[in-house]
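Worksheet: the structure to be examined is printed underneath.
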Amino acid sequence: MRILGCPLKISRYRWIYFPRLYLESFGIDTKDATVIRENHDDYFIYRPFAERPLSPNEELVIIRNCSTYIPSSFLLRNQLTPWNDELYLAGLDDGLKVCAKKKVL
């Protein structure tokens with residue numbers, strides 16, 4: 001298992017910025033990429049796009065210039081405030097996990 005970790009600041013407009021090297025190590029284009037986001041109560045998993053049926057908790061999202069948005073429902077559910085709070089990023093074998101809690105694994 002490959003584990004990389006770092007905090008991600010939530011911008012005032014609900015965007016997060018992935019470090020470029022993280023995206024590149026998972027084969028995700030840093031300029032403009034469609035990825036699969038697996039949604040959970042307190043975390044997301046971002047995976048490279050694959051032509052397959054999506055699960056009920058998955059959706060396609062765009063990463064532009066290493067950034068993507070966080071749904072406001074996720075922020076409310078986890079009592080996070082843009083610009084004040086941060087999320088936690090870990091690189092797993094098959095994707096990037098973005099978690100609301102410090103205990104990522």
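Just so it is clear, none of the values below were taken in a lab; they were calculated from the coordinates. Predicted model, so just to flag it, every value in this text is computed and none were measured. Cβ sites come from the backbone with ideal geometry, for glycine too, and all protein chains shown count toward neighbours.
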Cα-based reach from K102 at 16 Å (exclusive), listing aspartates and glutamates while leaving out same-chain residues under 8 positions away = D41, D42, D85, E86
Among F44, W83, T30, whose Cα lies farthest out toward the positive end of the dipole of the range 5-99, if unit charges sit on the beta carbon of Lys, Arg (+1) and Asp, Glu (-1)?
-> W83
Applying 1/(1 + (r/R0)^6) with R0 = 25 Å to the Cβ-Cβ distance of K9 and D41, what FRET efficiency is obtained, to the nearest 0.05?
-> 0.70
Unit Cα scatterers, Debye sum, the chain: log10 I(q)/I(0) for q = 0.22 Å⁻¹ = -1.29
Between N57 and S25, how many nm apart are label points set 7 Å from Cα along the C-beta direction?
-> 2.5 nm
